[in-house]
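Reviewing the structure listed below.
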Amino acid sequence: MAQSPLGGDGEAEGGWYLETHLDGGRLWRVPVRPLPFRVGRKEGMQLVVPSDAVSSEHAEIRSPEGDGALRLCDLGSTNGTFLNRERIEGERFLNDGDIVHFADFEFRVARDETPRRPRNTAVLGDARLPESFLPGTRELTELLRGRAVIAMFQPIVDMPTRRIAALEALGRGAHPDLPMLPTELFRIAATIGLEVELSRLFRRSTIESLNAFWALPPVFLNTHPAELNRPELIESLAELQRVAPHVDMVVEVHERFFADTKALATLRDSLADIDVRLAYDDFGVGQARLLELAEVPPDFLKFDASFIRGIDSAPAAKRRLLIALVAAARDLDVVTVAEGIETEAEYQVCLDVGFAQGQGYYFGRPAYLVDLDLAPAEGSGPS
C-alpha cells in the first residue's frame, strides 16, 4: 500500500520543500505540508506571499492519490503559476529540482528524506525575490543522482625532459541536457547549495576510473572553496584512499583560501595524516601571498597562467619577479608548476626561470586516461 507524505503521528516520511533565496542570498526552505498545501496572499494559506502580484488564493500543491507524488495546480490566479518557466493550466506533476513561480516569486522544489515535523503556515517577507535559480537545477539533481560525470586528465610535465610527471584530473558533465564544463555546472550547483556534492562526485569518478591502471604518476584533484573548512573533506579523501590505495593523490586548494593560515595549516596536517599531498592552485591570481607560503608551505605551488601568458615578450621586471618567486618556493622545498604554457617561447622562458614542472596546451590538452598510454593495472591484463 502506498504511503502518504505524512505519517499517522504527524511525522513526515522524508519530505518535500519549496526553497528560495532571500535578501543576502540566504536559502530559505518551506516544508510542503500538510497537504493540500495552499499558496496565496490571503492569511491562512500554508505559504503566505504578501504581494499584489500574487492572488489571494493563487495555487495549490496536492497529492490526491496519497502516494507521495505531488501535483501543482493553479487556482485561477491573475498572474499565473509557472513550472520550469512555462505557465500551467490544470495539474502538473512536480519533480525534485523543478522551478516554480507564483506570479514573479520563484521557488525550487526539493526532496529531503530526513524526517521533519510539519508546519502549518509560512509567511514570506515583503522583499521581492530575484530570478536566482538558473535553468538546469532539476537536471543537475539528476546528474548527481545518476553520477553522470566523466574524468579527463591533463599532463603536468617535468620541464627539462618534457615527460609526464603528474596528471590533473578535470571533471566533465555527462548529462545530455547540461553543459560539460565544470564552471557552468558549478554555477548551477551554487544556486541550490550543491557545490560540495558536485565536487565530491568529480573526485570519486576520477579515482574510480584509475583502478584499471598502475604505475601512475601523482594525480592532482580539485576542490571547491565551499568544502575546505569542512571535516567531511578529509573523510571523503580518506575513503578515496581506501578505494584506490595505489594512487598518489594531490589536493589542489585555490588561492582565495590562503588568507586563513590557521585553517590552511590544519588542512595541510590533516592531509599529511592520510598521505595526501597539498598543492596551492592559481598562485598570484589575486596577489602573491608570500607570508602564507612561508608559514604553511605546500608540496606543490601552481603559478597562475596570468604569470605565464606572454612571458617571452614581457618586461624584464616581470621575469625578475618570477625568478624571485620561483627561487623563494624552491628554498622552501616546494615543487613549482607553471600553468598555461602554450608556446615554445613561453616554455623556454619558464625553463630558464627555474620552474620544475609545467602544464598547458603546449604539452597536451585534457584527454581520457586511455589516450595517455598508461599501463593497465597489475593483474587486469592478459595472464
Qualifying residue in segment 331-347 (condition: among the polar types (S, T, N, Q), closer than 25 Å to P155 by Cβ and at pLDDT 95 or above)
yes
Can you find, within segment 50-69, the residue that is nearest to A103 (Cα to Cα) among those that are surrounded by fewer than 21 Cβ atoms within 10 Å (Cβ to Cβ) and aliphatic (A, V, I, L, M)?
A53
Please determine whether any residue of segment 278-286 is of a type outside the set (G, A, S), modelled with pLDDT under 95, in a loop (DSSP other than H, G, I, E, B) and within 21 Å of A327 (Cα to Cα).
yes
So which residues in segment 174-196 are assigned to a loop (DSSP other than H, G, I, E, B) and touching a helix residue (DSSP H, G or I) at 6+ places or on another chain (Cβ under 7 Å)?
H175, D177, L178, P179, I192, L194
Answer yes or no: is there a residue in segment 246-257 that is assigned by TED's automatic domain parsing to the domain that holds R204 and over 23 Å from A165 (Cα atoms).
yes
Among the residues of segment 248-267, what is the count of those that are surrounded by fewer than 21 Cβ atoms within 10 Å (Cβ to Cβ) and at pLDDT 95 or above?
2
Please find, among L194, L201, the residue that is at pLDDT 95 or above, within 11 Å of the chain's Cα centre (by Cα) and within 17 Å of R145 (Cβ to Cβ).
L201
Hey, does segment 331-340 have a residue that's buried (at least 16 other Cβ atoms within 10 Å of the Cβ) and of a type in the set (S, T, N, Q)?
yes
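The values are calculated or read from the model by the stated rules, or taken from the named source; none is laboratory data. If you're wondering where the values come from, they're calculated on a predicted model, not measured in any experiment. Positions of Cβ are backbone-derived with ideal geometry, glycine not excepted, and every protein chain shown enters the neighbour counts.
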